[in-house]
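**Student:** Sending over a structure as structure tokens; questions will come in a sec.
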Amino acid sequence: MSHPPGTSGGRAAGGRGAVLARTPPGELRARLEARLGAAARSWLGRALDEAAAHPGTHGPISVWELRLAEAGRRCGAAHADTARVLILDAARADAAALTRVWSQGTADERRAVLHALPRLLPGPEGLPIVEDALRTNDARLLCAAVGPYAARHLAPHPWRHAVLKCLSAGVPVAEMAELERRARGDSELARMLDDFAAEQAAADRPVPADLDRVLALTRSGTAPRGTADPHGT
């Protein structure tokens, strides 16, 4: 998987989704433009101007939705995620617009929607998109699904199942935003992890190395109270 502009091969906690979620649009755009050729920079500028001039959804497909489809060809696969997030940001895509792109878009466009959720939706309206993504076996979508938006809004039970899904799909738990906060002192997650390890051993399948890391977090203290998470931990 390519790294977002301005990052190196080492990952911050929460993976690339955290970078795309937290970097201000101006800074994100500047980092991206520094890595694009002249033609790609020109295309990006036009795409962002169009999205800002015609935000929201218009008819069967909006002009900025067409630009989402072009981003890989225009900016290159390594930079397309960032370009798409910037376009969604400029278009001020709401829950309905993001759901439409999620329903109709390619896997690459869907991944951009997941990365854009924490930038565009302050509330839990985007949870159906995250929950749908967590049902996939596409590792890149799973990585994007367990970013800051899921950490903030997923209720405890589906969040625990997201941990198990990452373990079973081979997605590094380092991709999970706020893993330490949400796993800390979670005795139910510890029980589920023990059961999962036992099932793997009984089926003569390897236990993921990351399981011990998460299990240690569950035993590292009591779960925090009064956090920003509206669903608790």
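**Student:** Starting from a Cα-only point model with no solvent, please compute log10 I(q)/I(0) by Debye for region 168-225 at q = 0.13 1/Å.
**Tutor:** For region 168-225 at q = 0.13 Å⁻¹, log10 I(q)/I(0) is -0.33.
**Student:** Against the 2.2 N^0.38 Å scaling, with N counting residues, where does region 84-137 land? I'd like the Cα-based Rg ratio to two decimal places. Intermediate values should be presented prior to the final figure.
**Tutor:** Values: Rg = 10.0 Å, N = 54, 2.2 N^0.38 = 10.0 Å.
Dividing the Cα Rg of region 84-137 by 2.2 N^0.38 Å gives 1.00.
**Student:** Then there is this: Given the DSSP H assignment, sum -39500 (n - 2.57) over each helix run of at least 4 residues in the chain and divide by its residue total; what's the result at 222 nm in deg cm²/dmol, nearest 500?
**Tutor:** -19000 deg cm²/dmol
**Student:** While we're on this one: On a C-alpha basis, how far is the centre of region 134-172 from the centre of region 28-74 in Å? Whole number, if you could?
**Tutor:** Spelled out, the Cα-based centre of one part sits 28 Å from the other.
**Student:** Same structure again: So how much slack lies between E131 and D204, counting 0.36 nm per residue of separation and subtracting their Cα-Cα distance, in nm?
**Tutor:** On the way: separation 73, 0.36 × 73 = 26.28 nm, distance 2.97 nm.
Residue separation times 0.36 nm, minus the Cα-Cα distance, leaves 23.3 nm.
**Student:** State the label only: which of [x] 0.98; [y] 1.16; [z] 1.01 corresponds to Rg/Rh (Cα atoms, Kirkwood Rh) computed from the shown model?
**Tutor:** Recomputing Rg/Rh (Cα atoms, Kirkwood Rh) here picks out [z].
**Student:** Provide the gained length on full extension for the span R191 to A107, in nm with one decimal, where the gain is 0.36 nm per separating residue minus the Cα-Cα distance. Each step should come with its number before you reach the end.
**Tutor:** Details: separation 84, 0.36 × 84 = 30.24 nm, distance 3.35 nm.
Contour length minus the Cα-Cα distance gives 26.9 nm.
**Student:** Here is a follow-up. Ignoring ligands, DNA and RNA, please state the percent of accessible area on the chain from carbon and sulfur, probe 1.4 Å.
**Tutor:** Accessible surface attributable to carbon and sulfur in the chain totals 53 percent.
**Student:** Sticking with this structure for a sec: I'd like the trypsin sites (Lys or Arg not before Pro) in region 85-141 restricted to DSSP loop residues with at most 16 other Cβ atoms within 10 Å, sorted by number.
**Tutor:** Loop-located and lightly packed - R92, R135.
**Student:** Next question, about the same structure. Between L121 and residues 5 or more places away or on another chain, which pairs have amide H atoms under 5 Å apart, with H built 1.01 Å from N, and which residues are they?
**Tutor:** none
**Student:** When the Kirkwood radius is taken over all Cα pairs of region 69-182, what Stokes-Einstein diffusion coefficient follows at 20 °C and 1.002 mPa s, in µm²/s?
**Tutor:** Once the numbers are plugged in, D ends up at 151 µm²/s.
**Student:** Springs between alpha-carbon pairs under 10 angstrom, Gaussian network model over the chain: which of R182, R213, R29 fluctuates most?
**Tutor:** R213
**Student:** Taking the Cβ of A51 as the centre, find all other residues whose Cβ is under 9 Å away and add up their charges (Lys, Arg: +1; Asp, Glu: -1).
**Tutor:** So the environment of A51 carries a net charge of -1.
**Student:** Here's another thing I want to ask about it. For the chain, what does the accessible surface come to per residue with a 1.4 Å probe? Please give it in Å².
**Tutor:** Heavy-atom accessible area per residue stands at 44 Å².
The values are calculated or read from the model by the stated rules, or taken from the named source; none is laboratory data. The model shown is predicted, which means the values in this text are computed figures rather than measured ones. Here Cβ is always computed from backbone atoms with ideal geometry, including for glycine, and neighbour counts include all displayed protein chains. Accessible surface is based on the protein model in full, side chains and every heavy atom, while ligands, DNA and RNA are left aside. Shrake-Rupley method; radii C 1.70, N 1.55, O 1.52, S 1.80 Å.
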